[in-house]
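In what follows, a single structure is set out as structure tokens and then discussed.
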Number of protein chains: 2
Amino acid sequence: MRGLMQDWPLLIHKVIDYAANEHPKRPVVSRSVEGPMHRTNYAEVRERALKVAKRLEMDGIRLGDRVATLAWNTWRHLETWYGITGIGAIYHTVNPRLFEDQIVFIMSHAEDRLLFLDLTFVPLVEKIASRIPSVERFVVLTDGAHMPETSLRNAVAYEDWLAEADSDFAWLTLDETTAAGLCYTSGTTGEPKGVLYSHRSNVLHAMMTVMPDAFGLSTRDVVMPVVPLFHANSWSLAFAAPMAGSSLVMPGPKLDGASIYEILNAEKVTFTAAVPTIWFSLLQHLDAHAGQLPHLTRVGIGGSACPRAVIEAFEKRFGVQVLHAWGMTEMSPVGSICSIKPDIQTEDYDRLLDVKVTQGYAPFGVEWKITDDNGRKLPHDGKTFGRLKVRGTAVVRRYFRREDEEILDEEGFFDTGDVATLDENGYMRITDRSKDVIKSGGEWISSIELENLAVGHPDVAEAAVIGVHHPKWDERPILILVPKPGREPKKEDVLEFLRPRIAKWWMPDDVIVVPDIPHTATGKIQKTALRDRFRDYQLPTVA
Amino acid sequence: MRGLMQDWPLLIHKVIDYAANEHPKRPVVSRSVEGPMHRTNYAEVRERALKVAKRLEMDGIRLGDRVATLAWNTWRHLETWYGITGIGAIYHTVNPRLFEDQIVFIMSHAEDRLLFLDLTFVPLVEKIASRIPSVERFVVLTDGAHMPETSLRNAVAYEDWLAEADSDFAWLTLDETTAAGLCYTSGTTGEPKGVLYSHRSNVLHAMMTVMPDAFGLSTRDVVMPVVPLFHANSWSLAFAAPMAGSSLVMPGPKLDGASIYEILNAEKVTFTAAVPTIWFSLLQHLDAHAGQLPHLTRVGIGGSACPRAVIEAFEKRFGVQVLHAWGMTEMSPVGSICSIKPDIQTEDYDRLLDVKVTQGYAPFGVEWKITDDNGRKLPHDGKTFGRLKVRGTAVVRRYFRREDEEILDEEGFFDTGDVATLDENGYMRITDRSKDVIKSGGEWISSIELENLAVGHPDVAEAAVIGVHHPKWDERPILILVPKPGREPKKEDVLEFLRPRIAKWWMPDDVIVVPDIPHTATGKIQKTALRDRFRDYQLPTVA
Ligand SMILES: Nc1ncnc2c1ncn2[C@@H]1O[C@H](COP(=O)(O)OP(=O)(O)OP(=O)(O)O)[C@@H](O)[C@H]1O
Ligand SMILES: Nc1ncnc2c1ncn2[C@@H]1O[C@H](COP(=O)(O)OP(=O)(O)OP(=O)(O)O)[C@@H](O)[C@H]1O
Ligand SMILES: [Mg+2]
Ligand SMILES: [Mg+2]
């Protein structure tokens, strides 16, 4: 027997409709690419998104077509998402930090028909335009006055283009499983793979992230997604903030410490989120300028493991709660958030920190397990490492245009490619990517744990641990360091620093100081490149 | 094009599975019907719910069958819900405060096959058992030691019955639109009508109520649903609390002021919810015993309008935030919650109270409009009254076994039967039931507003306003009062109290003091009965 409740499909337009109805005047503030701050609100964003929808139809864009964006976080980028999905087309966010060849690869793979791009990226796109022939039109996210001369096909300034439509338009009525967004993984471990989000998965994922123990967004929050819209849906904030009626602050192209600091305080941001590297810069800026964060109450940190020192700095020195989160493009992206269960509440901040460095626990909508290589479930003892596998309402089923490739196990779980422990309170700790795991004498060593400890050393800016071949132990870890400006970390000194903190056999066999470490387009350490660089390296511990 | 995300149906068992996985030891504390306090947790509730499911199958209960409950809020009642829905059967909560004839009517209408009942209700059910022949078995929610002699067919003590099954059982895999629960409306305005919830509507509704600006539940909350499970899903708390990982406190059969006070403090409840009458008793108890509420932070109040004096008492004297909510059985039930948008934030508590007495605004998942009798939309000016119509993810489409009766308008909105205003900030104020509206000289007078003002008078315990025929004005309001114990409110005195607070033409034409006012099974004033009682009444203002 079926229930007799209304059929109210979980469509993305419901989110902006809701915000425009219940929170019409709530501010949406952006640092524009042209320079000045720009102020709008949800009612206007919806109005203009309706125009985008109508205007896209005039350009022949239809249900299922991919429309790419290559843009910073601004109100215009936001409007395009709601406009694109409002006609059943698919926003495809392209990460401008990818290599040109990668951008050409994913845009060709997706067969994008139209590209919305920021002024910043006109030169880049001009270079590759001939290699992405599927794109029929290039819409530059600016107004006529700022429109540059360009060779791009059918190029037009967004504001001029938009002015050709009015907002007298009705969102398409769609099945909620209709594709809505496309995002390729960072390509840290290989070729980027496309994840095709549905309206339903995006809306449910936003509902999940709004909850009190997730990001906990309310109408009284001012939310700044520093994490870009092109980085895994900006962790849902472009949906979650309007759904919660929170105000939005979009930082535009300026993501350095000084600019982030300025906008956090000027706009009284209460919640923000980004990868650790952003926060390293902010904390350095705060140090150098005796800065304070009087308005900020919470910061979401994820994408890479957040070092203990960063959590401690935010919480103790600035009174800002850190929500350490883990996720991946394939999970829309949120997979876990580290909020404090009553089970672990304690007056002892150091013990609390032991938990806060973990990636947290699963919100409602995410199920997980850790298994060995044969798929057998492993104990939740906080020690045993296993492959982390997930199932849920916003988790990938197949990759785009690789639909015949099965990626779920018999129970329907997706292998995250991460290796993790789970403790008795449900807190999960990522110890490695499975491709980066170091196996020494048959036992695993966590490169992430070593790296996080190493960056606690006062001279160290960044650390990477990789395994190198050892005739007896199979693999041994070496520690590669980037010094803080003006510092010269010494091998023995760093090892002394680590010694009391780790098991003896985890001690790196060597410490190597380098000027820089290669990163992916989402700011992650690119271990494949690092291993390539150290291919001919000889361990000092091997005769 | 369809998205490529996992198919993760929104089934009720996912909620208890989640709680048992992520929050296994979180306490579920109940005042048992037998007397003592009982302590369990989510892992055990799930384990026993699996047994319920298996045991129901042994009794031949199948997909789509209705299984009734006539019970207080306890862990056993909770287990039955998850067990029943876990095999695709339908929990049908019966309100024991209904008249016997009404109980017979709804149980016959639903054709319930099995009844779980508390000890309290054995005598009641024995009286009507012969009139509900569809019920094949009566399971008394107690253990063998407390099982009474009874004539009920196939009667068995729940614990004995449960012991015949183990928990080696897998929840049925169901389509998420499968019917899960059945609840009849209170019958305030006529015959009770059955609302058939689906798994999907219940899960989405719980996600909505967990959000920060709704009930805002977290793992650090201790949630006590005083509102019974048989009253519109206990406002979702039996789903929302495990979904949020909150602890649950179930008050059992004792809902008087003293008992509620005791359990609130003994169990350190942080969030509770019920209809206004419960809070009248609690506040009286607090007054009489100089009580304090050191743990409680929020109280949800709805089901009837919450008077200003109650909100003020909780907030000013006890430091407990009131969340005034409106809803109905047909909405699962939450339709609006009054939390504070930044638009209305102010230092002036009296101005804030003006907003807090409204029923609040719609959460994501609820859409509404106010219209005139011809369906034309009315302005959101905070003054114009109109029929309130709703659409949403957990709103009724048809009534059970009245499926050929269309109850939605052309836009898919359901007429709530309530009359309301909407202001420019989106706050909604219920002024009346459409059946209770008083029309004087062509203009509407809000009976609810008059009642709420009248109970602000120090001598008045309860107030009801009804319209009576007037030859010139068509209808005029009269005010019917129940005095506080030992007080004797005087007509002129009460009118003097009202005079500065309302428009002149709203002044009641008479004030009548009565010893009591008739209520429905959910504690609402039964205006139909009151109008019957005053059928032959003559207005003093008519010659
Ligand atoms: N809090 C965190 N701690 C540790 N690792 C994290 C955290 N958050 C995310 N990660 C890492 O980031 C990964 C997800 O990154 P993303 O989806 O951007 O692509 P990628 O995995 O880097 O690229 P590809 O899958 O193409 O190799 C996770 O699988 C995990 O390894
Ligand atoms: N906060 C509130 N303020 C005013 N009225 C409220 C509030 N909350 C609920 N109500 C009233 O309660 C009604 C819903 O009650 P319920 O679903 O229990 O059945 P009923 O409407 O009393 O019964 P029936 O529909 O059978 O006549 C709403 O339509 C509204 O009139
Ligand atoms: Mg990956
Ligand atoms: Mg009703």
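Each value in this text was obtained by applying a stated rule to the coordinates, not by laboratory testing. All values derive from a computational prediction rather than experimental measurement. Heads up, the Cβs are rebuilt from the backbone with ideal geometry, glycines too, and the neighbour counts pull from every protein chain shown.
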Handout entry: Two-site label geometry, A:Lys254 and B:Arg376: point separation in nm, points 7 Å out along Cα→Cβ
Key = 5.2 nm
Problem - Nearby lysines by direct alpha-carbon distance to B:Lys383 (threshold 18 angstrom, same-chain neighbours under 8 apart not counted) - result: B:Lys356, B:Lys369, B:Lys439, B:Lys504
Problem - Nearby lysines by direct alpha-carbon distance to B:Lys193 (threshold 17 angstrom, same-chain neighbours under 8 apart not counted) - result: B:Lys435, B:Lys524
Problem - Average other protein chain Cβ within 10 Å of Cβ, residues A:198-210 - result: 4
Fill in the blank from the handout: Most exposed first, judged by fewest Cβ atoms within 10 angstrom, B:Tyr537, A:Tyr91 run B:Tyr537, A:Tyr91
Exercise for the section: Go ahead and run the numbers for FRET between B:Lys316 and B:Glu100, Cβ-Cβ distance against an R0 of 60 Å, rounding to 0.05. Expected result: 0.90
Completion exercise
Working note, chain A: Cα radius of gyration (Å, one decimal) and Dmax (Å, whole number) are 23.4, 77
Practice task
Return an integer: the convex hull volume of the alpha-carbon atoms of the range B:91-223, in Å³ per residue.
Solution key: 174 Å³
Exercise for the section: May I ask you to compute the full-extension gain from A:Glu34 to A:His469, defined as 0.36 nm times their residue separation minus their alpha-carbon distance, rounded to one decimal in nm? Expected result: 151.5 nm
Problem - Taking chain B and dividing mean pair separation by its residue count, relative contact order in percent (alpha carbons under 8 Å, at least six apart) - result: 10 percent
Problem - Nearest-first distances (nm) between copies at A:Pro515, label 7 Å from Cα via Cβ - result: 9.7
Practice task
Please report, to one decimal in angstroms, the Kirkwood hydrodynamic radius of the protein assembly as shown built from all distinct Cα-Cα pairs.
Solution key: 31.3 Å
Practice task
Pull up all non-local amide H partners of A:Thr69: gap of 5 or more, or a different chain, and H-to-H distance under 5 Å with H placed in the peptide plane.
Solution key: A:His92, A:Thr93, A:Val94, A:Phe116
Practice task
For the range B:10-193, state the semi-axes of the equivalent ellipsoid (square roots of 5 times the eigenvalues of the alpha-carbon gyration tensor), sorted largest first and rounded to whole angstrom.
Solution key: 25, 20, 16
Problem - Amide hydrogen neighbours beyond the local backbone of B:Arg137, cut-off 5 Å, H modeled - result: B:Leu115
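What average count of beta carbons from other chains do you get within 10 Å of the Cβ of residues in B:445-453?
0
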Problem - Over the range A:436-533 - Rg/Rh using Cα atoms and the Kirkwood inverse-distance radius - result: 0.95
Completion exercise
Inter-copy distances for A:Glu443, nm, shortest first, label points 7 Å along Cα→Cβ, are 8.5
Exercise for the section: Give me the number: length gained by fully extending A:Lys504 to A:Asn154, i.e. 0.36 nm times residue separation minus the C-alpha to C-alpha distance, one decimal in nm. Expected result: 119.7 nm
Handout entry: B:Tyr18, B:Tyr399 arranged by Cβ crowding within 10 Å, fewest neighbours leading
Key = B:Tyr399, B:Tyr18
Completion exercise
So, with points 7 Å from each Cα along the Cβ direction, the B:Glu262-B:Met58 label distance in nm works out to 3.6 nm
Problem - For A:Asp423, label point 7 Å along C-beta direction: distances to other copies, nm - result: 4.7
Problem - Other protein chain Cβ atoms within 10 Å, averaged over every residue that makes up A:241-251 - result: 2
Fill in the blank from the handout: The long-range amide H neighbours of A:Ile512, using H built 1.01 Å from N in the peptide plane and a cut-off of under 5 Å, are A:Leu479, A:Ile480, A:Leu481
Problem - Of all DSSP beta bridges in chain B, antiparallel share, percent nearest 5 - result: 55 percent
Fill in the blank from the handout: Taking only the alpha-carbon atoms of the range B:254-434, the convex hull volume per residue, in cubic angstrom, is 136 Å³
Fill in the blank from the handout: When A:Arg398, A:Arg66, A:Arg31 are ranked with the fewest other C-beta atoms within 10 Å first, the list becomes A:Arg398, A:Arg31, A:Arg66
